[in-house]
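Heads up, the thing below is written out as C-alpha cells.
Only the coordinates and a few stated rules stand behind these numbers; no lab work does. Since the structure is predicted, the reported quantities are computational estimates derived from the model, not experimental observations. Every residue, glycine as well, gets a Cβ built from its backbone with ideal geometry; the counts of neighbours run over all protein chains shown.
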C-alpha cells in the first residue's frame, strides 16, 4: 500500500521521520505527529462541483477557493492531507466527473494530525506487512474494509481464523474466516447418483 512520510515529535523534543508503520514510536512517548498537506487544484465542468466537493471533503479536504474560469469551466482549490490522495483519489475523481476533471497539486506544509498505527492480527499474531498509519477518524472504516478483504483472500480452513484490526490493545474491527464442515450430510442416507 502506498504510504507517505510523517514527522513525530517525542516528549523529549526529538524529531523523528516515519517512513513506514514499523518506525512508528510508542504513543506514550509521542508528543504529536505531523502529516504532509498539499494544495490541490481541480478544473472541471460546473455540473460536477457537488461530486467533487463531496469527494474532497470526505477526504478531509478544506475548500480554499472556487472560481469560474469561463461559463463551462470552474476551478476548485483544496488543502488536503497527502495520505488521502495517494491511494485511490485520482480514480474516484475521474469516475465522479466522468473524466471531465484535471487534477494538479503541490506540497505546502506539515500539520498536526491524529495519526495512529493500525495493525492487522491473524489469530492474535501481528502481521507487520499489513500495518498502516492512518487518521484516527478513518481507522475503524478502513480496518473493517481490510478485514473483509482478508476474509475473501485467505484460503478457507477447517478451523476458524480470527482476522482483527487493532489500534494498540483496542480491537476496532473483527472478522472470522472458516469453512464449515457439514457433519450431518451423511446422516440422512441420501445418495446422489
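Extension gain residue 72-residue 176, at 0.36 nm per residue separation less the Cα-Cα distance, in nm? Let's see the in-between values first.
On the way: separation 104, 0.36 × 104 = 37.44 nm, distance 5.08 nm.
Stretched out fully, the residue 72 to residue 176 stretch lengthens by 32.4 nm.
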Discussion item. Below 8 Å, C-alpha to C-alpha, sequence gap of six or more: please give me the relative contact order for the chain in percent.
Written reply: 18 percent
Discussion item. Only counting other Cβ atoms within 10 Å, I'd like 118, 80 sorted with the fewest neighbours first.
Written reply: 80, 118
Worksheet item: Contour minus end-to-end for residue 110 and residue 127, with contour as 0.36 nm per residue of separation and end-to-end as the Cα-Cα distance?
Response: 3.2 nm
Worksheet item: With springs only between Cα atoms under 10 Å, which of 143, 99, 168 fluctuates most in a Gaussian network model of the chain?
Response: 99
Worksheet, complete the sentence: From fewest to most C-beta neighbours within 10 Å, the residues 106, 32 line up as 106, 32
Worksheet entry | Exposure proxy ranking, count of Cβ atoms within 10 Å, fewest first, for 71, 30 | 71, 30
Item to complete: May I ask you to derive the relative contact order of segment 1-115, considering only C-alpha pairs under 8 Å and at least 6 residues apart, and to give it as an integer percent?
Response: 33 percent
Worksheet item: Relative to the longest principal axis of the chain, what angle (0 to 90°, nearest 10) does the C-alpha long axis of helix 136-153 take?
Response: 40 degrees
Worksheet entry | Relative contact order computed over segment 96-156 (Cα-Cα under 8 Å; 6+ residues apart), in percent | 24 percent
Item to complete: Within segment 73-115, which residues have the backbone N less than 15 Å from the label spot 7 Å out from residue 49 along Cα→beta-carbon, could you tell me?
Response: 73-78
